[in-house]
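Below: the structure, in structure tokens.
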Amino acid sequence: YLRKRDADRALGALQALESKQPENPMTYNLRGAALILKKDLAGARANFERALGLQPAYMPAVNNLARLDLRENDRVAARKRFQDFLDRDPNNEPALIGLAAVLRTTGADAGEIEKLLKQAVAGNPTSVSAHGALINFYMRSRNFTAARGAAQAAQAALPGEPRVVQAVGMTQLAAGETRQAIASLTRLAEMQYG
């Protein structure tokens, strides 16, 4: 229902879910998303906060609260949500990636964003998400050489991971290395279709 942007039906389904799982933070996170569709931002915020009250490290609610903060032009609050996690756990991957996204949205210095994403990779070397965030950062920055290098480093850390092989191929293509890109994407096809 949320994908169809049908807030009323989503809220009806969430009522049933809440009666079955009243302590599940996902219930309140989803309710907050439905309330955003109804333009009830205060109600959405209250539900995201309730989700965090049930599980303080529930990152989907943190992300949604940061989005609301940015919507209300409160960059400091959005940044603080992720920084609080990083103060306790400097290599918290979702917090590093989330903070980088907040900084990107607010037009922060690219070097600061890059540093966070490199920290996410260094602290979580087997995470496809961390590697992917760094690769995507370089691609958006049109630094295709750095993107290719980040993708190749990801492939060294995660050999045989299809998403990484795809990233290698796409960054090679963007860097103008057509033959290498074809070889990488052929390997990806072989991995997926045998």
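The values are calculated or read from the model by the stated rules, or taken from the named source; none is laboratory data. Note that the structure is predicted; figures quoted are calculated from it, not measured. Positions of Cβ are generated from backbone atoms using ideal geometry, with glycine treated the same way; all protein chains shown enter the neighbour counts. Heavy atoms of the whole protein, side chains included, go into the accessibility calculation; ligands, DNA and RNA do not. Shrake-Rupley method; radii C 1.70, N 1.55, O 1.52, S 1.80 Å.
Could you please find all residues in the range 134-166 being more than 26 Å from Tyr193 (Cα to Cα), open to solvent by 20 Å² or more (accessible area, probe 1.4 Å) and either in contact (Cβ under 8 Å) with a residue 40 or more places away in the chain or not aromatic (Phe, Trp, Tyr) (or both)? Residues satisfying the conditions are Met139, Arg140, Ser141, Arg142, Asn143, Thr145, Ala146, Gly149.
Among the residues of the range 119-165, those identified as over 23 Å from Arg187 (Cβ atoms) and outside any helix (DSSP H, G or I) are Asn124, Ser141, Arg142, Asn143.
Among the residues of the range 167-180, which ones are surrounded by 16 or more Cβ atoms within 10 Å (Cβ to Cβ) and either out of contact with any Ser or Thr (no Cβ under 8 Å at 6 or more places or on another chain) or not in a helix (DSSP H, G or I) (or both)? If the condition is that a residue be surrounded by 16 or more Cβ atoms within 10 Å (Cβ to Cβ) and either out of contact with any Ser or Thr (no Cβ under 8 Å at 6 or more places or on another chain) or not in a helix (DSSP H, G or I) (or both), then Ala167, Met170, Thr171, Leu173, Ala174, Ala175, Glu177, Gln180 are the ones that fit.
Residues that are outside any helix (DSSP H, G or I) and farther than 30 Å from Gly43 by Cβ are absent from the range 65-75. Of the residues in the range 53-71, none is of a type in the set (Val, Ile, Thr), touching an Asp or Glu at 6+ places or on another chain (Cβ under 8 Å) and open to solvent by less than 50 Å² (accessible area, probe 1.4 Å). Considering Ala120, Ala95, Ala100, the condition of being within 15 Å of Asn63 (Cα to Cα) and in contact with an Asp or Glu (Cβ under 8 Å, 6 or more places away or on another chain) is satisfied by Ala95 alone. Checked against the criteria, Phe82 does not count as outside any loop (DSSP other than H, G, I, E, B), touching an Asp or Glu at 6+ places or on another chain (Cβ under 9 Å) and open to solvent by less than 50 Å² (accessible area, probe 1.4 Å).
Among the residues making up the range 124-133, those that are polar (S, T, N, Q) and buried (at least 16 other Cβ atoms within 10 Å of the Cβ) are Asn124, Ser127. Taking the range 20-43 as the range and being under 18 Å from Gly53 (Cα atoms) and exposed (fewer than 13 other Cβ atoms within 10 Å of the Cβ) as the test, the residues that pass are Gln21, Pro22, Glu23, Ala42. Here the condition is being in a helix (DSSP H, G or I), of a type outside the set (Gly, Ala, Ser), under 16 Å from the mean Cα position of the chain (by Cα) and over 26 Å from Leu30 (Cβ atoms); of Leu99, Leu116, it holds for Leu116 alone.
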